[in-house]
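None of the figures in this text is laboratory data; all of them are computed from the coordinates on show. What you are looking at is a predicted structure, and each value in this text was computed from that prediction instead of being measured. Note: ideal-geometry Cβ built from the backbone for every residue, glycine included; neighbour counts use all protein chains shown.
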């Protein structure tokens with residue numbers, strides 16, 4: 001172990017980065033929003049103030065063809081410089097550095113003018129790309145250099161050239177998408193020509209005292225990707241061209257392997273950065289699923305990388321670095337890698353945010369100060385109630401929480417039991433730390449009645465959550481039937497053959513829980529098991545670093561049932577739903593739809609499908625058929641008091657179990673009260 005740690009400066013010769021923490025690139029949607037640059041400036045400044053050493057912006061296109069969609073942000077003209085200076089000036093107030101990422105989408109463009117190495121169509125874009133002509137290549141190289149020069153004039157400390165994740169430069173590098181027969185195709189020397197000419201042109205334009213980061217796709221995770229030897233050869237060439245830092249890129253966007261979602265083990269891909277670092281002499285950044293200061297310290301001190309990149313953890317907590325530096329890691333609001341408010345929002349053309357921190361990208365919405373400090377009672381210690389309590393207490397209000405159960409966290413206590421969702425434990429840890437920090441009074445195992453009205457509270461906040469919905473099926477009281485809370489909280493144990501009624505998020509979670517052998521460590525906590533399950537070749541003997549999957553056999557025989565005709569899990573997260581569906585499919589979970597439930601008896605579940613009556617002879621039937629709001633107490637209070645009463649979270653709306661909505665409601669109400 002070296003004496004260098006996460007907070008050691010990184011000397012690049014002409015400039016020094018104050019620590020080894022990079023806020024990685026992520027598109028927020030503010031880039032195209034009304035007054036977006038002022039909001040972006042506020043967003044980045046909060047993270048700079050929070051201690052991060054270097055920030056990389058979301059991808060900015062060098063020309064129109066390179067835009068993600070027609071209205072995406074582009075830096076090509078001098079008149080655009082003043083907008084970017086708003087951002088750089090704000091960041092530089094806090095002794096942080098910021099680089100602009102130049103991203104050309106290539107065939108990932110969501111418009112008909114997309115270009116690539118060859119005319120191909122990606123599975124995630126509706127348009128077929130056009131092959132760049134030699135003249136087009138020359139123009140693209142010029143556009144990269146021009147954009148970098150304008151970034152320098154805008155006050156950026158450098159640029160990151162996006163050469164991974166399956167974007168344009170990456171498309172030239174791999175045989176998968178490069179079918180050219182000219183000097184830009186065929187051999188590796190030819191395929192990497194565009195990337196090296198872009199670097200050369202950028203360096204010539206911006207001079208020596210300007211940071212150039214190049215993001216190398218170290219693992220393509222697709223067929224016909226780069227081999228390990230090619231990655232090393234290319235990385236050495238990138239270094240020779242005068243790049244200051246190499247960043248790690250993992251997986252193409254079209255790869256059918258999860259790389260950043262919550263079921264991916266922490267720091268699962270640092271090993272490839274370490275292997276590349278051994279072959280080159282310039283600093284190397286590692287990335288993907290690093291969300292704790294402890295992991296960051298270990299990576300730097302052990303010499304696996306020179307910097308760590310974290311993107312979404314800075315959505316969850318802008319003060320991550322300062323908290324870690326001051327030994328307050330327990331107070332860090334940890335990213336749980338759920339994707340629900342960040343990537344899902346961006347892919348739905350919404351402004352990004354964060355499930356555990358709805359202030360992210362919406363900082364200006366929370367500028368109001370409490371005009372009158374109040375004594376507030378919160379009934380329910382789930383995500384909505386606790387989030388309200390923390391925000392209100394931070395504004396000076398006197399907070400008391402009443403919870404009928406023995407734990408805080410509500411439905412998060414269920415979620416954390418699902419293999420692959422262990423990160424939810426971190427949010428509960430954060431909640432407890434904040435309760436302690438703000439001296440919030442917490443009463444567990446306390447049933448609230450209308451007697452609370454006789455106290456001197458100014459207002460009441462009801463966050464009483466939801467109750468499982470019991471479907472109207474004859475025989476529903478049979479001992480074979482288990483509710484999802486009883487199953488997931490360990491109050492009842494299912495047998496070897498199980499039917500799950502309901503194929504929404506809870507049904508999928510229950511099926512994943514049932515499929516897992518409790519005697520084995522979940523693959524989300526075991527990197528080798530995860531790589532085997534998803535077909536990642538850690539030995540990198542195969543191009544693209546992929547191999548045949550070795551999916552574990554389901555621990556039980558499971559049937560996932562729904563009344564609907566639609567695809568199972570249709571409303572799962574936009575960027576993670578495919579992972580959950582693929583996981584159950586690989587484990588051979590049977591998915592049956594268009595069912596009419598007839599009855600439940602000792603023989604099992606009787607149902608009708610396609611006018612045929614059938615019986616599932618199962619040991620147990622798990623009810624995941626939705627939930628309803630637990631708002632009876634709120635209604636009783638409304639009838640008995642003139643004091644303000646508020647309803648938030650699942651008690652307000654029970655449609656799906658939506659922690660994102662619950663936490664957002666809690667924090668926003670606390671900001672106004």
Could you tell me how many degrees, from 0 to 90 and to the nearest 10, lie between the Cα long axis of helix 228-240 and the main elongation axis, the longest principal axis, of the Cα atoms of the chain?
-> 60
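Fewest Cβ neighbours within 10 Å first, please rank 6, 373 accordingly. Don't jump to the answer; show the numbers that get you there.
Details: 6 22, 373 12.
Ascending Cβ contact count within 10 Å gives the list 373, 6.
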Can you tell me the relative contact order of the range 191-290? Whole percent, Cα pairs under 8 Å, sequence separation 6 or more.
-> 30
Cα-based helix-to-principal-axis angle, 36-49 vs the chain, degrees rounded to 10 = 90
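Hey, what number do you get for the chain at 222 nm if only DSSP H runs of n ≥ 4 count, each worth -39500 (n - 2.57), divided across all residues, to the nearest 500?
Numbers: 21 runs with 202 residues, N = 673.
It comes out at -8500 deg cm²/dmol, rounded to the nearest 500.
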Gap separating the Cα centres of the range 568-589 and the range 149-177, nearest whole Å = 32
Compute the relative contact order of the chain as a whole-number percentage, counting only Cα pairs closer than 8 Å that sit 6 or more residues apart in sequence.
-> 12
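What share of the DSSP beta bridges in the chain is antiparallel, in percent to the nearest 5?
20
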For all pairs of alpha-carbon atoms in the range 10-330, what percent lies in each bin of width 20 Å, listed from the first bin to the last filled one?
-> 34, 61, 5
Mean Cβ-within-10 Å packing, highest first, puts peptides 263-273, 557-567 in the order 263-273, 557-567
Sorted by average packing, counted as other Cβ atoms within 10 angstrom per residue and highest first, what order do 444-454, 618-628 take?
-> 618-628, 444-454
Ranked on Cβ counts within 10 Å of their own Cβ, fewest leading, 579, 4 go 4, 579
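Given the peptides 496-502, 475-481, arrange them by the average over their residues of other C-beta atoms within 10 Å, most packed first. Spell out each step's value before the answer.
On the way: 496-502: 22.4, 475-481: 15.7.
Per-residue Cβ counts within 10 Å, averaged per peptide and sorted highest first, yield 496-502, 475-481.
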Helix 193-206: angle to the longest alpha-carbon principal axis of the chain, degrees 0 to 90, nearest 10?
-> 80
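Please say if the chain is rounded, prolate or oblate, where rounded means a/c under 1.5 for a ≥ b ≥ c the square roots of the C-alpha gyration tensor eigenvalues, and otherwise the choice is prolate for a/b larger than b/c and oblate otherwise? Before the final figure, lay out each step's value.
On the way: a/c = 2.05, a/b = 1.38, b/c = 1.48.
Verdict is oblate for the chain.
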Could you let me know the centre-to-centre spacing of the range 437-464 and the range 335-353, using Cα atoms, in angstrom?
-> 33
If the label point is 7 Å along Cα→Cβ of residue 79, which residues in the range 117-150 have backbone nitrogen under 19 Å from it?
-> 147, 150
Using only Cα atoms, locate the centre of the range 1-67 and the centre of the range 84-135, then give the distance between them in Å, rounded to an integer.
-> 17
Among 429, 20, rank each residue by its count of other Cβ atoms within 10 Å, from fewest to most, as a rough exposure measure.
-> 429, 20
Over the range 10-330, what is the mean sequence separation of C-alpha contacts under 8 Å (at least six apart), divided by residue count, expressed as relative contact order in percent?
-> 16
Just grab the label-to-label distance for residue 437 and residue 520, each label 7 Å out from Cα along the Cβ direction, in nm (one decimal).
-> 3.9
